[in-house]
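The values are calculated or read from the model by the stated rules, or taken from the named source; none is laboratory data. Remember, it's a predicted structure, so these values are computed and weren't measured experimentally. Every residue, glycine among them, receives a Cβ derived from its backbone with ideal geometry; neighbour counts consider all protein chains shown.
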Amino acid sequence: MTDSHLTRRTLLRYGAYGAGAAALAGTAASWDRLTGADIPGRDDGSLVVATLGPAYGPEAIRTLTEGFKRVHPDIKLRINAVQAVDWSDFFAKILTQIAAGTAPDLVYVATEGVQLFAQRLGVPLDRWVKRDAEELREYFADVHPSLVESMMYEGSLYQLPVEFNAADIYLNNQVLKRAGADFPAADWTRDDFTALLRDMKRASGSQFTPYFWTNRLWGGVVPWLFANDTNLLTESKAPGGAWLWDSFYPAAERAGRGGGFRWTTPQADHARVEEAYDYLASLIEEDLCNRPEGGNGQNLIGVFSTGRVGVTPAGGFWAGGLHLAGMKAGGFDTQYFPRWRTQRMQFGAAGYALLRTSKRQEEAWEFIKYAARRDTLMRLFNTNQTTPARRSMLTADRYRETGPDRWQVFYDTLDKFPDTGPIPAPPQVAEVEQVLLKHTGTALASRRAVAPALRRMQSDLEKAMERDV
Amino acid sequence: MTNTRIPDVRPKQPTAARSAPVAAPRPSARDRGTRLLATLFLAPTIVGIVVFTVVPIVGSVVLSLFHWNVIDSPSFAGAANYREVFGDSTVLVSFRNTLVFMVFAVALQLLIALVLALAVNGRMPVWLRSVFRSAFFFPLVLSAASISVVMKYLFNQDFGVVNWLLGLVGFAPVPWLTSENAAMATVILVYVWQQFGFSFLLFVGGLNNIPKEIHEAASLDGATGLRKHLTITLPLLSPTLLVASVVGIINALQVFEQPYVLTNGGPGDSTRTVVMVIYESAFEQLRFGEASAVGVLLFVLIMAVTALQFRLSRRFVHYQ
């Protein structure tokens, strides 16, 4: 094709190319790994806090930043409201930030991610809690120990809970009236629940769904497992934690507490688990509840507020949601989840986790304390978009405009049922949740499908729990 | 389709011209300047391809040989990720689902687009033709995720408009998204509704390029409407069909938004696709090595299917 003689000039040219390439490669190899933080202006010395975007609107962010600035004018704060549809999506985005080298100092973490963050990313707060014990005494006195225990991992505390939501039952008063049914008593049973659904169905016709639920870890099948005195994974307590209980809680409240929950062995093929699934399958078969639907229940507010659904499990967060959707305070009310073998209920809580990579850990601890203060939470949770972790914040005044009338149910789910516990969320939670959702969909196709689907769920859960995260 | 009616009239290079060695003349200063200018013009594209395509592909191949959870440093795993992937029933099911999805979605997409393109290309006022063209193309400019959110409401078994309408004419509610059999069909339906506009526009363009004289000549010879389409329109449209099917298949093999939003892969694994598995492995389960291994396998599958299409096109595609 071309002249094959290698001239001196060609040789010199290729030599220069080679030297240039080698210099480039050498330079690249000798550089430290570039990260997002190397982009000019990214790391401006601020304490960066990642929050779940939809839960923290511009007003909330302003409240947090301006209030914190007044208390700590020397600490520059930046709230990074990560837009995500649910906690799983939120964690995926936080991990992407960590992978990009732009890890925040603090991350708002719900029960779903507490153990994952604690095991791989988090810093225990023990030394700061011990140091500032006097300052925190008022906080712990106001927060139920179950919420605190759900934020512990292997004896250490990783977050101060600021909010929680237990799966209570919301009932549409208009639908109850149509069915001629009384409002259920606090100690109602699973059979009372079924009878109520039948009454509602008879009175409201074929286009009506008495019980609606969403297939997810929080508020899906798990409340029924808890009510039937079982769980997806065996539950036990880690040793330790006495340093906290002995310091902050009276003997009656610290009895039976440990160093955090442990969820270890899958038990999806346990008879009681099968019984709970069979019950839900029977409700579907009788057209008393919907088939398991994925997602986050976004369409539920609309159908509940317009009387096309009678009953659904939700937490305190729904009071604000229904109010925003235009539902009047007297249009709905809440009751505890019905009793089956027990009346143990499930909850999820959230607080700020401090990341190991943070270079501003002292400042971060100041923010954690600030974010758990009563006045901060009063300003932040003023629309009842969640249940505050502080008992003293739940008052008649708070729920006067939004409802429900029985607002005490939210915190009494913890106070009157001290065995109420967190949803099962081991460090392998992402895979556990995926397996649960996947096989719940197939298990509830019919009553005959329950047992084989749960056997497959058990097998997949065993694989998931064997994996190191 | 056969190649006996429309002869291949592309100019062919003489064999001798291709094989004889020709000594290239030394480029002049002007030639070198032209080459430099061409290189400068091409540079942004080449840099873009290298940075955003070649590097990620190479990166994925390398990452597929490592265990990496974002938090800790990667550790070399050799072929362990591939062994894990081949032993994972969810991954295998996702490949099966994706292939089923591809076959039905692309076939339906091309069929609908072709029928509508032929209809729009028929006799009708120009303004009406413009309305149809815009209407059929419009869903394509919307985001797949937002369309899927709306469709999820429409196809909801208990409260969806679709079942409400069916109920008015006496049909029982259909579990569009909550039964294994119906869910994949619904996902395909939503995908095709959004995507067929692209193939439709290609076909409209292709039909406009077919000389009218050929149709007129066929009419004089007594060819009827259907026969004309089978023996003239389709063979002459075959290059466009090839492009539409190649793009359609590549897109369908990478489907993510519709099943993710509509069904989240369920019920069970019935609508879980390969890209969903990649997303879940990487960003939910922190198994970036396995996710990359699945990505590499998908890349190989897309390359193989595309290569097969081009290979087959030699027999079925006719250039004027």
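Being within 14 Å of another protein chain (Cβ to nearest Cβ), surrounded by fewer than 22 Cβ atoms within 10 Å (Cβ to Cβ) and in contact (Cβ under 8 Å) with a residue 40 or more places away in the chain narrows it down to one residue among A:Val85, A:Val71, A:Val107; which is it?
Every option except A:Val85 fails the conditions.
Please verify whether region A:252-264 includes one or more residues that are closer than 21 Å to A:Gln434 by Cβ and free of Cβ contacts under 8 Å to residues at least 24 places away in the same chain.
no
Here is a yes/no grid of residues against (1) touching a helix residue (DSSP H, G or I) at 6+ places or on another chain (Cβ under 6 Å); (2) modelled with pLDDT of 95 or more; (3) within 12 Å of another protein chain (Cβ to nearest Cβ):
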| residue | (1), (2), (3) |
| --- | --- |
| A:Thr209 | no, no, yes |
| A:Leu225 | yes, yes, no |
| A:Leu232 | no, yes, no |
| A:Lys237 | no, yes, no |
| A:Ala242 | no, yes, no |
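Please verify whether A:Phe212 is over 30 Å from A:Arg131 (Cα atoms) and touching an Asp or Glu at 6+ places or on another chain (Cβ under 8 Å), treating the condition exactly as stated. Show your work before the answer.
Working: over 30 Å from A:Arg131 (Cα atoms): yes; touching an Asp or Glu at 6+ places or on another chain (Cβ under 8 Å): yes.
Yes, satisfied.
Take A:Asp333 and decide whether it is closer than 30 Å to A:Asp229 by Cβ, touching a residue at least 60 places away in the same chain (Cβ under 8 Å) and surrounded by fewer than 16 Cβ atoms within 10 Å (Cβ to Cβ).
Numbers: closer than 30 Å to A:Asp229 by Cβ: yes; touching a residue at least 60 places away in the same chain (Cβ under 8 Å): yes; surrounded by fewer than 16 Cβ atoms within 10 Å (Cβ to Cβ): no.
Answer is no for this residue.
Looking at B:Val255 and the list (1) more than 30 Å from A:Asn290 (Cα to Cα); (2) away from chain A (no Cβ under 14 Å); (3) not in a helix (DSSP H, G or I), which single condition is not satisfied?
(1)
Which of the following residues is in contact (Cβ under 8 Å) with a residue 24 or more places away in the chain, surrounded by fewer than 17 Cβ atoms within 10 Å (Cβ to Cβ) and among the β-branched types (Val, Ile, Thr): A:Thr189, A:Thr209? Spell out how you get there, then give the answer.
Values: A:Thr209 fails: surrounded by fewer than 17 Cβ atoms within 10 Å (Cβ to Cβ).
After applying the criteria, what remains is A:Thr189.
One line per residue, one yes/no per condition, for (1) within 14 Å of another protein chain (Cβ to nearest Cβ); (2) acidic (Asp, Glu):
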position: A:Tyr411; (1), (2): no, no
position: A:Pro424; (1), (2): no, no
position: A:Glu431; (1), (2): yes, yes
position: A:Leu436; (1), (2): yes, no
position: A:Arg455; (1), (2): yes, no
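Quick grid of which residues meet (1) closer than 22 Å to B:Met303 by Cβ; (2) surrounded by 11 or more Cβ atoms within 10 Å (Cβ to Cβ); (3) basic (Lys, Arg):
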site	(1), (2), (3)
B:Phe52	yes, no, no
B:Pro56	yes, yes, no
B:Ser60	yes, yes, no
B:Trp68	no, yes, no
B:Ser73	no, no, no
B:Glu84	no, yes, no
B:Arg96	yes, yes, yes
B:Val106	yes, yes, no
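Residues checked against (1) more than 14 Å from chain A (Cβ to nearest Cβ); (2) within 30 Å of A:Thr214 (Cβ to Cβ); (3) at pLDDT 90 or above:
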{"position": "B:Thr178", "(1), (2), (3)": "no, yes, no"}
{"position": "B:Ala183", "(1), (2), (3)": "no, yes, yes"}
{"position": "B:Val204", "(1), (2), (3)": "yes, no, yes"}
{"position": "B:Ala218", "(1), (2), (3)": "yes, no, no"}
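Looking at (1) among the small types (Gly, Ala, Ser); (2) more than 14 Å from every other protein chain (Cβ to nearest Cβ); (3) under 21 Å from the mean Cα position of the chain (by Cα), find the lone condition where A:Ala141 falls short.
A:Ala141 satisfies every listed condition except (3).
Going through A:Glu293, A:Glu285, A:Glu274 one at a time, which residue ends up being in contact (Cβ under 8 Å) with a residue 24 or more places away in the chain, acidic (Asp, Glu), within 14 Å of chain B (Cβ to nearest Cβ) and buried (at least 19 other Cβ atoms within 10 Å of the Cβ)? Break it down into steps so the answer makes sense when it comes.
Numbers: A:Glu285 fails: buried (at least 19 other Cβ atoms within 10 Å of the Cβ); A:Glu274 fails: within 14 Å of chain B (Cβ to nearest Cβ).
Selected residue: A:Glu293, the only one of A:Glu293, A:Glu285, A:Glu274 that is in contact (Cβ under 8 Å) with a residue 24 or more places away in the chain, acidic (Asp, Glu), within 14 Å of chain B (Cβ to nearest Cβ) and buried (at least 19 other Cβ atoms within 10 Å of the Cβ).
Do any helices (runs of 4 or more DSSP H) lying entirely in region B:21-107 carry at least 1 residues that are among the polar types (S, T, N, Q) and touching a Gly at 6+ places or on another chain (Cβ under 6 Å), and which ones are they? Walk me through it before giving the result.
Working: elements: B:29-49, B:55-63, B:80-86.
It comes to B:55-63, B:80-86.
Among the residues of region A:58-102, how many are small (Gly, Ala, Ser) and within 20 Å of the chain's Cα centre (by Cα)? Even if it seems obvious, please write down each step before you answer.
First, pick out the residues of region A:58-102 that are small (Gly, Ala, Ser): A:60, A:67, A:81, A:84, A:88, A:92, A:99-101.
Adding the requirement that they be within 20 Å of the chain's Cα centre (by Cα) leaves A:60, A:81, A:84, A:88, A:92.
Of the residues in region A:58-102, 5 are small (Gly, Ala, Ser) and within 20 Å of the chain's Cα centre (by Cα).
Got a sec? Which of A:Pro184, A:Pro124 is more than 29 Å from A:Val303 (Cβ to Cβ) and outside any helix (DSSP H, G or I)?
A:Pro124
Working carefully through the options B:Arg311, B:Arg227, find the one that is among the basic types (Lys, Arg), part of a helix (DSSP H, G or I) and modelled with pLDDT under 90.
Details: B:Arg311 fails: modelled with pLDDT under 90.
The conditions single out B:Arg227.
Take A:Ala195 and tell me if it is among the hydrophobic types (A, V, I, L, M, F, W, C), assigned to a loop (DSSP other than H, G, I, E, B) and surrounded by fewer than 17 Cβ atoms within 10 Å (Cβ to Cβ).
Working: among the hydrophobic types (A, V, I, L, M, F, W, C): yes; assigned to a loop (DSSP other than H, G, I, E, B): no; surrounded by fewer than 17 Cβ atoms within 10 Å (Cβ to Cβ): yes.
No, not satisfied.
Just one of (1) within 14 Å of another protein chain (Cβ to nearest Cβ); (2) buried (at least 16 other Cβ atoms within 10 Å of the Cβ); (3) at pLDDT 95 or above; (4) assigned to a helix (DSSP H, G or I) trips up A:Glu366, so point out which.
The failed condition is (1).
Does A:Arg339 satisfy the criteria of being charged (D, E, K, R), crowded, with 17+ Cβ neighbours inside 10 Å, closer than 19 Å to B:Phe155 by Cβ and in contact (Cβ under 8 Å) with a residue 60 or more places away in the chain? Steps first, answer last, please.
Numbers: charged (D, E, K, R): yes; crowded, with 17+ Cβ neighbours inside 10 Å: yes; closer than 19 Å to B:Phe155 by Cβ: no; in contact (Cβ under 8 Å) with a residue 60 or more places away in the chain: yes.
Against the criterion (charged (D, E, K, R), crowded, with 17+ Cβ neighbours inside 10 Å, closer than 19 Å to B:Phe155 by Cβ and in contact (Cβ under 8 Å) with a residue 60 or more places away in the chain), A:Arg339 does not qualify.
Return the total of residues in region B:258-285 being of a type outside the set (D, E, K, R), facing chain A (nearest Cβ under 10 Å), in contact with a Lys or Arg (Cβ under 9 Å, 6 or more places away or on another chain) and part of a helix (DSSP H, G or I).
The qualifying residues number 4.
Select from region A:435-452 the residues that are crowded, with 23+ Cβ neighbours inside 10 Å and without any contact (Cβ under 8 Å) to a residue 60 or more places away in the chain and write down the one among them that is nearest to B:Glu180 (Cα to Cα).
A:Lys438
Any idea which of (1) surrounded by fewer than 21 Cβ atoms within 10 Å (Cβ to Cβ); (2) at pLDDT 95 or above; (3) assigned to a helix (DSSP H, G or I) is the one A:Val129 doesn't satisfy?
Here A:Val129 clears every test but (1).
For residues that are facing chain B (nearest Cβ under 10 Å) and over 23 Å from the mean Cα position of the chain (by Cα), tally how many sit in region A:438-448. Break it down into steps so the answer makes sense when it comes.
Restricting attention to region A:438-448, the residues satisfying the condition of being facing chain B (nearest Cβ under 10 Å) are A:438-445.
Applying the additional criterion that residues be over 23 Å from the mean Cα position of the chain (by Cα) yields A:442-445.
Matching residues across region A:438-448 total 4.
Do we find a residue being part of a helix (DSSP H, G or I), more than 21 Å from the chain's Cα centre (by Cα), among the aromatic types (Phe, Trp, Tyr) and modelled with pLDDT of 95 or more anywhere in region A:409-429?
Within region A:409-429 (the criterion being part of a helix (DSSP H, G or I), more than 21 Å from the chain's Cα centre (by Cα), among the aromatic types (Phe, Trp, Tyr) and modelled with pLDDT of 95 or more), the answer is no, since none of the residues qualifies.
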